[in-house]
Amino acid sequence: MFSNLRTEGGKTNHLFIPSSIQLFSNLEDLVKVKGANVRVLNRFSGYSSKRPLRGTSVTLPKSYIEYMDNNKRDYRERFEYQLPFVLLQNTVTELSRDGHENIKLEYERDGEIVSTRNAEVDPILSNASTFQIKFLAQRAVPDDERGLCMW
């Protein structure tokens, strides 16, 4: 296990493994949720200082707090999260399977804003396989370059 290894969005902080040799491209396809009428999706829109899902946690080391203080910025500054499209698919599929209807969702993917009023029947968003949901579990990523430690 590598501590604080970043491989999402086509970027990497690994010394020896460039992002170009990643076996799967699912971490390159990041989306920003602009808004939703379901709480589990809407918590990714806007800025949040709290982790939006289990498995997404930001730990602020003392050096970071000192850095923010020295630059006259509040260390409790909020983060905007991006999430892998696979995670969005998994979440919408699970909501659909749980019987949610009329899921309104707006998100940005590859610079394009996508809006849907019935995400639970959208063939792109609601067709995640059981295999994908079980084995491609991923976390939201703070859209930030400050070198935060995530668990």
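We did not get these values from a lab; they are worked out from the coordinates using the rules stated. Since the model is a prediction, treat every value here as computed from it, not as a measurement. When we count neighbours, we look across all protein chains shown, and the Cβ atoms used for this are built from the backbone with ideal geometry, even at glycine.
When ranked by the protection proxy of mean other Cβ atoms within 10 Å per residue, highest first, what sequence do the peptides 30-42, 61-73, 81-93, 102-114 form?
Peptide ranking by packing, descending: 81-93, 30-42, 102-114, 61-73.
With the crude spin-label approximation of a point 7 Å out along Cα→Cβ, what separation in nm comes out for Glu108 versus Glu94?
Roughly 2.6 nm, to one decimal.
Applying 1/(1 + (r/R0)^6) with R0 = 22 Å to the Cβ-Cβ distance of Asn42 and Leu136, what FRET efficiency is obtained, to the nearest 0.05?
Working: r = 22 Å, r/R0 = 1.02.
The computed FRET efficiency comes out at 0.45.
Between Asn70 and Lys34, what is the label-point separation in nm under the 7 Å Cα-to-beta-carbon projection?
With each label placed 7 Å out from Cα toward Cβ, I get 3.9 nm.
Please give the direction-averaged projected area of the C-alpha convex hull for the stretch 70-131, in square nanometres with one decimal.
6.5 nm²
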